[in-house]
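Participant: Just dropping this structure here.
The values are calculated or read from the model by the stated rules, or taken from the named source; none is laboratory data. Nothing here was measured: the structure is a model prediction, and the numbers come from that model. Glycine gets a Cβ as well: all are built from the backbone with ideal geometry, and neighbour counts include every protein chain shown. Keep in mind that these areas ignore ligands, DNA and RNA; they rest on the heavy atoms of the full protein, side chains included. Shrake-Rupley method; radii C 1.70, N 1.55, O 1.52, S 1.80 Å.
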Amino acid sequence: MSTPAHAIILEHGRFTSDGSTSILEAALALGVAVPFSCQRGECGSCRAQVAGGAYARIAPPTERTYVTAADELLMCQCRATGDLALRFAHWQ
């Protein structure tokens, strides 16, 4: 049985993830430039607007977790469960 490859589509490119790690970890492992800072879900630097697709939270939020809007996710706290399109309104 083959490992799934989910396409993560960004405004400036794309990469794939098998969904076993966070979206942020998958991007960094492949050298894809994405915004991030703490990798703990507290700062919000890696927040992305979800344009479409499927994802799941890796861990439940805590009192220190950055609160995202309904159409956003934190790449360090979520993994892809299917193809996913993301935008970074706060980052160029």
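Participant: Return the residues of region 60-92 that are surrounded by 11 or more Cβ atoms within 10 Å (Cβ to Cβ) and aliphatic (A, V, I, L, M); say none if nothing qualifies.
Facilitator: Answer for region 60-92, where residues must be surrounded by 11 or more Cβ atoms within 10 Å (Cβ to Cβ) and aliphatic (A, V, I, L, M): Leu73, Leu74, Met75, Ala80, Leu84, Ala85, Leu86.
Participant: So, one more: Look through Cys38, Cys43 and report the one residue that is on the phi < 0 side of the Ramachandran plot, open to solvent by 40 Å² or more (accessible area, probe 1.4 Å) and assigned to a loop (DSSP other than H, G, I, E, B).
Facilitator: Only one candidate qualifies: Cys43.
Participant: If Ala27 satisfies every condition in (1) open to solvent by less than 10 Å² (accessible area, probe 1.4 Å); (2) part of a loop (DSSP other than H, G, I, E, B) but one, which is the exception?
Facilitator: Condition not satisfied by Ala27: (2).
Participant: I'd like the full set of residues that are under 17 Å from Gln39 (Cβ atoms), part of a loop (DSSP other than H, G, I, E, B) and out of contact with any strand residue (DSSP E or B) (no Cβ under 8 Å at 6 or more places or on another chain), limited to region 66-92.
Facilitator: Trp91
Participant: While we're on this one: Could you list, in sequence order, all residues of region 1-22 that are within 19 Å of Arg87 (Cβ to Cβ) and not in a strand (DSSP E or B)?
Facilitator: Correct list: Glu11, His12, Ser22.
Participant: Check Glu25, Glu42 and return the single one that is among the acidic types (Asp, Glu) and either within 13 Å of Ala85 (Cα to Cα) or modelled with pLDDT under 95 (or both).
Facilitator: Step by step, each of Glu25, Glu42 is checked, and only Glu42 is among the acidic types (Asp, Glu) and either within 13 Å of Ala85 (Cα to Cα) or modelled with pLDDT under 95 (or both).
Participant: Still on this structure: Only one of Glu63, Glu72, Glu42 is more than 16 Å from Ser17 (Cβ to Cβ), out of contact with any Lys or Arg (no Cβ under 9 Å at 6 or more places or on another chain) and among the charged types (D, E, K, R). Can you tell me which?
Facilitator: Answer to the check: Glu63.
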